[in-house]
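**Q** For reference, the structure I am asking about is given below.
The values are calculated or read from the model by the stated rules, or taken from the named source; none is laboratory data. In this text the structure is predicted, and so the values were computed from the model without any measurement. We place every Cβ from the backbone using ideal geometry, glycine too, and count neighbours over all the protein chains shown.
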Amino acid sequence: MILVLDIALTHVRSRLRQTLVGILGVATGVGFSVMMASLMEGSQHDFIKQLVDALPHISVTDDRRVPPEQPAETAYDAVDYRSLTVETQRRGIKNPFAIMAALEGWLPGMVAPSVQTKSIIRYAGRDLAVSVIGIDPRREKKVSQLATQMKAGSLDDLYKASNAIILGDGIANKLGIRVGNNITVTATGGQAIRAQVVGFFHAGVKSLDESQAYVLVKTAQILSAQTGLINELRIRADDAMKARELAALVEAQTGYRATSWQEAHEDLMSAFQIRNVIMLMVVGAILLVASFGTYNIISTITHEKTRDIAILKSLGFREEVVRRIFVLEGMIIGMAGVLLGWLFGYVLCMGLGLVEFKSGFTDATRLPLLYSPRHYAIAGGVALFASMLAGYLPARKAASVHPVDIIRGAS
């Protein structure tokens, strides 16, 4: 094996310029592959993180995924409904605090009650439709990042004023509202209250900052004209990526619809899957181009060393040994290129991380990058395999030629 390695190193050193070109080709492919994977997966993780932080991991609402069976459906095999008036039922989750206590007994996470109601905010003669959410500030801190998203005031300020309200900063900018202003909040049912603005929050998601406001649970119940109403349970799981499985368990236990953040943004998750396929195709194309360069170098070396191959075979070297020499040459070039490519990729990522930009659609000022050993391992593994294949194919052809034909110069 030492002799085989020595011969391979001699061949590589004898064509130093071509060897360096091959190494740089592999390094360029690996480096840009690492950069692309880091950039695309980093942006995906950053976007998902914003969604996860802005919303509860699981939302349990007072509707059901499948409507309950009617008594007639249970009693008869065939039922025909005509002009049926559905009975009006009291809204909200039944025995919400008992359900919360039961969930907290086994759920790996925290639960908080809330009241969701649609309202119109009026200030200075201008109206804006918003979603008013009634919360318990002490519990809300455990299920969302709202407390850390406050740009003015704090969640505890909801206790310090009558009918206190916290607005998204997008709402405040649209209506010109400042902390301390009094606004009129009118629910869709016609109930209206005068509320004092005690703070602003900024979730970083434009659709939320321009459409959500928070009040105490009791204030939201007054707007909904239903004392004791709780129509949503907000759940934050210890592991956000397991929210879908936990939502299924919660729904099975409570009977109410439990929606995970993955289900709520199913279209985005599908788009990310397509995006990942595109990323793999781009990275694969970069590595494939680099492997052609390596193949060209090894093919040239193999062609120029045909007489050496004849001499080796006449000395008793078997075909598999000859092939091993040239495969080893490809591996040497590939390994050197991979090591240099890892460094190049890291430098590219560091350089991109220093680029600043401003956008009206996001708060980010730098490109989101994900530094993962997996990116380096995949790029390095593919490059090494391509280098090995680039060394094997021409060596297999050269090693199969009879040494007498080579020495005589026969084609």
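**Q** For ILE166, which of the numbered conditions (1) at pLDDT 95 or above; (2) part of a loop (DSSP other than H, G, I, E, B) fails to hold?
**A** (2)
**Q** Next question, about the same structure. Looking at (1) free of Cβ contacts under 8 Å to residues at least 12 places away in the same chain; (2) charged (D, E, K, R); (3) closer than 30 Å to ILE183 by Cβ, which one does GLU245 not meet, given that it meets all the others?
**A** Exception for GLU245: condition (3).
**Q** Listed residues ILE222, ILE235; which is modelled with pLDDT under 95, surrounded by fewer than 23 Cβ atoms within 10 Å (Cβ to Cβ) and in the same structural domain as PRO96 (by TED's automatic domain parsing)? I'd like the intermediate steps shown before the answer.
**A** Details: ILE235 fails: surrounded by fewer than 23 Cβ atoms within 10 Å (Cβ to Cβ).
Only one candidate qualifies: ILE222.
**Q** For region 353-373: of the residues being in a loop (DSSP other than H, G, I, E, B) and at pLDDT 80 or above, which is farthest from SER43 (Cα to Cα)? Break it down stepwise before answering.
**A** Within region 353-373, the subset in a loop (DSSP other than H, G, I, E, B) is 354-355, 357-365, 367-372.
Now narrow it down to the ones that are at pLDDT 80 or above: 354, 368-372.
On the way: LEU354: 15, PRO368: 5, LEU369: 7, LEU370: 8, TYR371: 12, SER372: 13 Å.
The extreme case among them is LEU354.
**Q** What do you reckon, is ILE332 more than 34 Å from the chain's Cα centre (by Cα) and at pLDDT 75 or above? Give the steps one after another, and end with the answer.
**A** Working: more than 34 Å from the chain's Cα centre (by Cα): yes; at pLDDT 75 or above: yes.
Against the criterion (more than 34 Å from the chain's Cα centre (by Cα) and at pLDDT 75 or above), ILE332 qualifies.
**Q** Picking from ALA195, ALA161, which residue would you name as being buried (at least 22 other Cβ atoms within 10 Å of the Cβ) and assigned by TED's automatic domain parsing to the domain that holds ARG126?
**A** On the way: ALA161 fails: buried (at least 22 other Cβ atoms within 10 Å of the Cβ).
Matching residue, one of ALA195, ALA161: ALA195.
A quick yes/no check of all residues on (1) out of contact with any Cys (no Cβ under 6 Å at 6 or more places or on another chain); (2) hydrophobic (A, V, I, L, M, F, W, C); (3) free of Cβ contacts under 8 Å to residues at least 24 places away in the same chain; (4) farther than 23 Å from VAL111 by Cα:
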site: GLU140; (1), (2), (3), (4): yes, no, no, no
site: GLN145; (1), (2), (3), (4): yes, no, no, no
site: THR148; (1), (2), (3), (4): yes, no, yes, no
site: GLY153; (1), (2), (3), (4): yes, no, no, yes
site: ALA161; (1), (2), (3), (4): yes, yes, no, yes
site: ILE166; (1), (2), (3), (4): yes, yes, no, no
site: GLY170; (1), (2), (3), (4): yes, no, no, yes
site: ARG178; (1), (2), (3), (4): yes, no, yes, yes
site: LEU208; (1), (2), (3), (4): yes, yes, no, no
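**Q** Just one of (1) touching a residue at least 40 places away in the same chain (Cβ under 8 Å); (2) surrounded by fewer than 21 Cβ atoms within 10 Å (Cβ to Cβ); (3) out of contact with any Pro (no Cβ under 6 Å at 6 or more places or on another chain) trips up GLY190, so point out which.
**A** Here GLY190 clears every test but (1).
**Q** Another one. Out of all the residues in region 93-152, which are assigned to a helix (DSSP H, G or I) and either small (Gly, Ala, Ser) or surrounded by fewer than 15 Cβ atoms within 10 Å (Cβ to Cβ) (or both)?
**A** Looking only at region 93-152, we keep the residues that are assigned to a helix (DSSP H, G or I), and these are 96-104, 137-143, 146-149.
Answer for region 93-152, where residues must be assigned to a helix (DSSP H, G or I) and either small (Gly, Ala, Ser) or surrounded by fewer than 15 Cβ atoms within 10 Å (Cβ to Cβ) (or both): PHE97, ALA98, ALA101, ALA102, GLU104, ARG138, LYS142, ALA147, THR148.
**Q** Does GLU232 qualify as being closer than 18 Å to ASP62 by Cα, over 22 Å from the mean Cα position of the chain (by Cα) and not β-branched (Val, Ile, Thr)?
**A** Details: closer than 18 Å to ASP62 by Cα: yes; over 22 Å from the mean Cα position of the chain (by Cα): yes; not β-branched (Val, Ile, Thr): yes.
It is true that GLU232 is closer than 18 Å to ASP62 by Cα, over 22 Å from the mean Cα position of the chain (by Cα) and not β-branched (Val, Ile, Thr).
**Q** Do we have ALA203 as closer than 18 Å to VAL60 by Cα, buried (at least 21 other Cβ atoms within 10 Å of the Cβ), touching a residue at least 12 places away in the same chain (Cβ under 8 Å) and under 30 Å from the mean Cα position of the chain (by Cα) here?
**A** Values: closer than 18 Å to VAL60 by Cα: no; buried (at least 21 other Cβ atoms within 10 Å of the Cβ): yes; touching a residue at least 12 places away in the same chain (Cβ under 8 Å): yes; under 30 Å from the mean Cα position of the chain (by Cα): yes.
So ALA203 does not fit the description; no.
**Q** A follow-up question, please. Among the numbered criteria (1) within 22 Å of the chain's Cα centre (by Cα); (2) at pLDDT 70 or above; (3) in a helix (DSSP H, G or I), which one does SER59 miss?
**A** Only one criterion in (1) within 22 Å of the chain's Cα centre (by Cα); (2) at pLDDT 70 or above; (3) in a helix (DSSP H, G or I) is unmet by SER59, namely (3).
**Q** Among the residues in region 191-207, are any more than 24 Å from ARG139 (Cβ to Cβ) and either part of a strand (DSSP E or B) or among the hydrophobic types (A, V, I, L, M, F, W, C) (or both)? Spell out how you get there, then give the answer.
**A** The initial filter retains those residues of region 191-207 that are more than 24 Å from ARG139 (Cβ to Cβ), namely 191-192, 194, 206-207.
Those still in the list that are either part of a strand (DSSP E or B) or among the hydrophobic types (A, V, I, L, M, F, W, C) (or both) too: 192, 194.
Yes; the residues of region 191-207 include at least one that is more than 24 Å from ARG139 (Cβ to Cβ) and either part of a strand (DSSP E or B) or among the hydrophobic types (A, V, I, L, M, F, W, C) (or both).
**Q** Would you please name the residue that is nearest to PRO108 (Cα to Cα), looking only at residues in region 223-242 that are among the β-branched types (Val, Ile, Thr) and either part of a strand (DSSP E or B) or in contact (Cβ under 8 Å) with a residue 40 or more places away in the chain (or both)? Quick ask: steps written out before the conclusion?
**A** The initial filter retains those residues of region 223-242 that are among the β-branched types (Val, Ile, Thr), namely 227, 230, 235.
Next cut, either part of a strand (DSSP E or B) or in contact (Cβ under 8 Å) with a residue 40 or more places away in the chain (or both) only: 230, 235.
Details: ILE230: 22, ILE235: 10 Å.
Result: ILE235.
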